[in-house]
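Novice: Sharing a structure below in structure tokens format, with a few things to ask.
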Amino acid sequence: MSILDFGDDEALGRVLSVDTATVVVRVDDVEALRALQVNRLVALQSSLAGHKLIGVIHKITRTALEEAKVADIELGEEAHPEVNLVRITLIGTLLDRDGTRANVFRRTLETVPEIDACCFALEGERLTRFMGVISEVTGGAQRLSLGAYTLDPKAEAYVNGNKLFQRHAIVVGSTGSGKSWTIARLLEQIAELESANAIVFDMHGEYASMVGDGFAHLRVAGPGDIEAGKGLADGVLHLPNWLMSYEALVSMFVDRSDQNAPNQAMVMSRAIVEAKTCFLTTGGHSEVLANFTIDSPVPFAIESVLTELNRLNTEMVPGAKPGTEKQGDFNGKLSRLIQRLEGKRTDRRLGFLFPAAGVADSYTWLDEAVTLLLGGRAAKGGRGGVKIIDFSEVPSDILPLIVGMVARMAFHVQQWSAQGARHPVALFCDEAHLYIPQDATSGAAENAIATFERIAKEGRKYGVGLVVISQRPAEVNRTVVSQCNNLIAMRLTNGEDQAVVRRLLPDSLGGFGDLLPALDTGEALVVGDAILLPTRIRIAKPVNEPLSGTIEFWDRWAAPAAAATLDKAVESWRRQTLIK
Ligand SMILES: Nc1ncnc2c1ncn2[C@@H]1O[C@H](COP(=O)(O)OP(=O)(O)OP(=O)(O)O)[C@@H](O)[C@H]1O
Ligand SMILES: [Mg+2]
């Protein structure tokens with residue numbers, strides 16, 4: 001059974017001329033012509049049974065015949081009916097059956113329509129069904145709906161939820177174009193799934209409003225949380241320094257411009273391995289002891305590393321002559337390293353890296369943290385599912401460090417899971433230009449970029465999907481952007497950003513890019529694996545709107561003065577914790 005059964009009487013018109021991929025259709029019904037719009041889809045009869053050709057309307061013209069035939073000016077009105085022409089670009093074929101599969105869309109043209117073949121508008125339920133086919137959303141499967149097509153509000157717009165996350169997606173748009181709302185719409189539907197698993201990096205605390213089953217809220221330990229001794233049970237996440245890769249530790253603590261940098265890195269690596277060995281020995285983890293490397297996530301006491309560094313930095317060894325002493329190999333060479341380490345350790349903003357004794361320093365802490373972050377919806381008594389991590393109180397210069405650590409944790413856990421045991425997880429990276437920048441400005445940013453590049457390239461194999469969200473796609477790391485096979489582009493006004501998006505569009509559809517600045521708020525151009533055909537979609541409102549905080553300037557200025565809370569803001573700024 002075809003999903004597109006048209007009666008001949010429903011035809012818009014008939015084919016007048018055909019060329020390789022362009023068809024001109026003559027429409028006699030003026031009413032029907034008025035209803036048509038450029039970019040709308042049409043279906044055409046094919047010469048093969050069970051095939052329908054699908055095309056996009058490119059141009060609509062309404063001409064009097066005398067304009068077309070300038071020579072023939074003598075004839076009267078009657079003999080010169082209007083000729084209404086619609087130019088259509090063919091984009092593919094819908095097959096009723098292909099082998100065992102019913103209703104298959106192919107982006108190829110095996111036939112062209114014959115002259116006088118009927119042309120039908122694709123709208124309403126038929127459009128919904130057709131879109132279901134192109135996004136390979138089958139009848140019984142769980143559906144992922146974005147909203148409705150701009151061209152036909154009655155037709156619901158589905159995308160293929162497998163393909164959207166398998167090969168990454170990017171959501172772009174100028175500020176206020178509706179990205180966060182679109183994400184909320186996706187998250188809501190994810191959260192409903194029985195074994196949902198997603199992590200959202202929420203930079204502005206916007207998604208705090210998304211509550212209910214399937215949502216969990218976490219935040220990275222800030223000075224206030226550390227003071228209060230909060231931990232995982234309170235939804236407070238520490239990211240202890242022992243989770244960092246050796247590379248990341250070095251880039252954080254060793255000043256590369258220091259002439260002693262290579263020595264410092266070497267001494268530090270030795271001291272860390274020693275401290276980790278000590279931890280494993282004390283805990284009796286002999287199997288890990290035999291195999292671990294400096295990069296293994298094994299807790300160690302940073303104090304003992306410092307003690308060792310201090311010892312070497314002041315070490316005296318026996319001199320050549322008996323009874324004399326000379327400075328040890330590293331004497332005085334580690335002062336800068338020690339200073340930096342001490343400095344970071346006492347930086348309250350970095351408290352999450354150096355938890356107090358008893359917090360995040362046990363062997364089992366990582367299991368708990370990973371269960372909370374990567375366990376599906378059933379984990380933690382239903383507190384898994386969509387995990388929203390609030391970064392709104394984190395200073396922007398350390399964002400790449402933290403986000404990179406969480407992403408790295410997710411990737412490694414997936415990588416070290418057995419093939420069949422991997423439970424897919426999607427990472428939603430809001431304001432991605434802040435921590436996956438094109439140009440790294442710090443060692444931490446370099447590490448974050450490396451992690452995300454790796455996920456972008458290899459994530460598919462390990463079941464890690466990225467959703468990159470940014471108002472400045474031109475400032476997001478290019479490798480990551482180029483690996484995103486799905487694009488949700490909202491209104492975009494900046495030329496540089498538009499150029500990035502255009503490059504993601506298939507060649508034949510580059511012209512779609514011209515729509516970018518003209519899109520309405522909440523309207524998106526969607527293209528990619530998950531939908532096949534570029535389509536303009538009006539994203540439906542999420543049930544729980546994100547707190548995107550659009551403030552009405554004029555109205556607020558016109559209203560009576562609200563109670564002044566400036567002193568609170570200043571105090572919060574001082575404490576680096578929001579006082580509520
Ligand atoms: N689908 C939609 N339908 C109706 N209104 C919408 C829709 N999406 C967004 N809006 C309106 O636009 C405002 C801004 O949306 P949103 O916060 O999603 O923008 P954004 O692209 O995330 O901006 P920013 O880059 O600054 O975070 C919302 O407060 C809402 O009023
Ligand atoms: Mg936003």
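Novice: Pick out the long, greasy-scoring helices in the chain: whole DSSP H runs spanning 15 Å or more along their own axis by Cα, mean Kyte-Doolittle at least 0.5.
Specialist: Taking the DSSP H segments of the chain (at least 15 Å long, mean hydropathy at least 0.5), we get 399-415.
Novice: If you restrict to DSSP beta bridges whose two residues both lie in the chain, what percentage is antiparallel, to the nearest 5?
Specialist: The antiparallel fraction comes to roughly 65 percent.
Novice: When all alpha-carbon pairs of region 8-134 are counted, what percent fall beyond 19 Å?
Specialist: So the pairs more than 19 Å apart make up 50 percent of the total in region 8-134.
Novice: Output the peptides 429-441, 514-526, 109-121 sorted from most to least packed, where packing is the average of other Cβ atoms within 10 Å over each peptide's residues.
Specialist: By packing density, highest mean first, the sequence is 429-441, 514-526, 109-121.
Novice: Can you compute the helix-only [θ] at 222 nm over the chain? Use -39500 (n - 2.57) per DSSP H run of at least 4 residues, normalise by all residues, nearest 500 deg cm²/dmol. Walk me through the intermediate numbers first.
Specialist: On the way: 19 runs with 189 residues, N = 580.
Rounded to the nearest 500, it is -9500 deg cm²/dmol.
Novice: Could you sort the peptides 355-368, 33-46, 180-193 by per-residue average Cβ neighbour count (10 Å cutoff), highest mean leading?
Specialist: On the way: 355-368: 14.9, 33-46: 18.1, 180-193: 21.5.
The peptides rank, most packed first, as 180-193, 33-46, 355-368.
Novice: Which of the lysines could a cross-linker bridge to LYS276, judged by Cα under 30 Å and excluding same-chain residues fewer than eight apart?
Specialist: The qualifying lysines are LYS230, LYS333, LYS344, LYS380.
Novice: Please report the Cα spread of region 132-240 along all three principal axes, rounded to whole Å, starting with the longest.
Specialist: 55, 33, 26
Novice: Continuing with the same structure: Suppose R0 equals 60 Å; then what is the FRET efficiency for THR346 and ASP29 from their Cβ-Cβ distance, rounded to the nearest 0.05?
Specialist: E between THR346 and ASP29, to the nearest 0.05, is 0.15.
Novice: Describe numerically, in nm with one decimal, the distance between label points set 7 Å from Cα along Cα→Cβ at GLU453 and at GLU192.
Specialist: Roughly 4.0 nm, to one decimal.
Novice: Relative to the present Cα-Cα distance, how much length would full extension add between ASP255 and SER548 at 0.36 nm per residue of separation?
Specialist: So the chain would gain 101.6 nm between ASP255 and SER548.
Novice: Considering Cα pairs under 8 angstrom that are at least six residues apart, work out the relative contact order of the chain and quote it in whole percent.
Specialist: Across the chain, relative contact order equals 19 percent.
Novice: Compare the peptides 473-481, 455-463 by average per-residue count of other Cβ atoms within 10 angstrom and give them in order, highest first.
Specialist: Top of the packing list down: 473-481, 455-463.
Novice: Compute log10 of I(q)/I(0) for region 452-580 with the Debye formula, placing one identical point scatterer on every Cα and leaving out solvent, at q = 0.11, 0.14, 0.18 Å⁻¹, to two decimals.
Specialist: Debye intensities relative to I(0), on a log10 scale: -0.61, -0.83, -1.05.
Novice: Report, to the nearest whole %, how much of the accessible area of region 8-134 belongs to carbon and sulfur atoms, 1.4 Å probe, protein only.
Specialist: Carbon plus sulfur share of accessible area: 49 percent.
Novice: Also, I was wondering about something else. How long are the three semi-axes of the equivalent ellipsoid of the chain, in whole Å, if each is the root of 5 times an eigenvalue of the C-alpha gyration tensor, listed from largest down? Mind showing how you got there, number by number?
Specialist: Working: eigenvalues 706, 127, 102 Å².
The equivalent ellipsoid of the chain has semi-axes of 59, 25, 23 Å.
Novice: Report the FRET efficiency, 1/(1 + (r/R0)^6), for SER209 and ASP116, where r is their Cβ-Cβ distance and R0 is 60 Å, rounded to 0.05.
Specialist: FRET efficiency, SER209 to ASP116: 0.60.
Novice: To continue, here is another question. At 0.890 mPa s and 25 °C, plugging the Kirkwood radius over alpha-carbon pairs of region 260-325 into Stokes-Einstein gives what diffusion coefficient in µm²/s?
Specialist: Roughly 182 µm²/s, to the nearest whole number.
The values are calculated or read from the model by the stated rules, or taken from the named source; none is laboratory data. Given the structure is predicted, the values throughout are model-derived calculations rather than measurements. Virtual Cβ from ideal backbone geometry, glycine too; neighbours counted across all protein chains shown. We work out accessible area using only protein heavy atoms, side chains counted, and drop any ligands, DNA or RNA first. Shrake-Rupley method; radii C 1.70, N 1.55, O 1.52, S 1.80 Å.
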